[in-house]
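Q: Questions regarding the structure given below will be posed in turn.
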Amino acid sequence: KNQVEQSPQSLIILEGKNCTLQCNYTVSPFSNLRWYKQDTGRGPVSLTIMTFSENTKSNGRYTATLDADTKQSSLHITASQLSDSASYICVVSGALWGNAGKSTFGDGTTLTVKP
Amino acid sequence: EAGVAQSPRYKIIEKRQSVAFWCNPISGHATLYWYQQILGQGPKLLIQFQNNGVVDDSQLPKDRFSAERLKGVDSTLKIQPAKLEDSAVYLCASRTPGRGETQYFGPGTRLLVL
């Protein structure tokens, strides 16, 4: 069964600090991995998308890394801001020929940035 | 471009009642998804449409849930009768070929079943 495990479940940091969120997956064959940010009461918004051939992708203060060999990804947030408080969801899509392009969602990491 | 629109934003009903949600995807997006997101969990796919055809409804509880996308644009998701465990946020998302796998989500409908 395809799984996506995220850690930690929740995290509290002080404004201005950096943090790293983890995502481990078992989806195989693998097509791409996406990180979404979900603010409270809103739908998820895409931050980054990486295919199996990419090992890093940045979007402003967000940097995602991917190790397809170990099936691990991380999302690094630099110089956190209060507006970074949200849930961060890792989504892994299977290759079209293996999993019909199905996406598996993690349960997210809830980040709270305190002043 | 305008985003994915959903209505209503909030709904409170009693168990055994019926409820319907509406979604208007981004113009030109052929693929439309309905997800159920229970508090503290990631979204769970209920059904995926490609134009007006169903691609995947393997996780849709068909005894009580139904969805349609008659003209390949707007979609409705219905629950009849509702159970307490249906309390969740129902998210609609759309995607267009050529934009990779990025799905664009609506704000969701928050359902509370009492």
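Read-outs: derived from the displayed coordinates by stated rules, not from any lab. Quick caveat: nothing in here was measured; it's all calculated off a predicted structure. Here the Cβ is made from the backbone with ideal geometry for all residues, glycine too, and neighbour counts use every protein chain on show.
Q: How do A:S85, A:S73 rank when sorted from fewest to most other Cβ atoms within 10 Å of their own Cβ?
A: On the way: A:S85 17, A:S73 27.
Starting with the residue having the fewest Cβ neighbours, the order is A:S85, A:S73.
Q: Of A:T51, A:T40, A:T78, which is the most mobile in a GNM of chain A whose springs link Cα atoms less than 10 angstrom apart?
A: A:T40
Q: Another question, then. Using Cα centres only, tell me the gap between the range A:13-74 and the range B:12-51 in whole Å.
A: 24 Å
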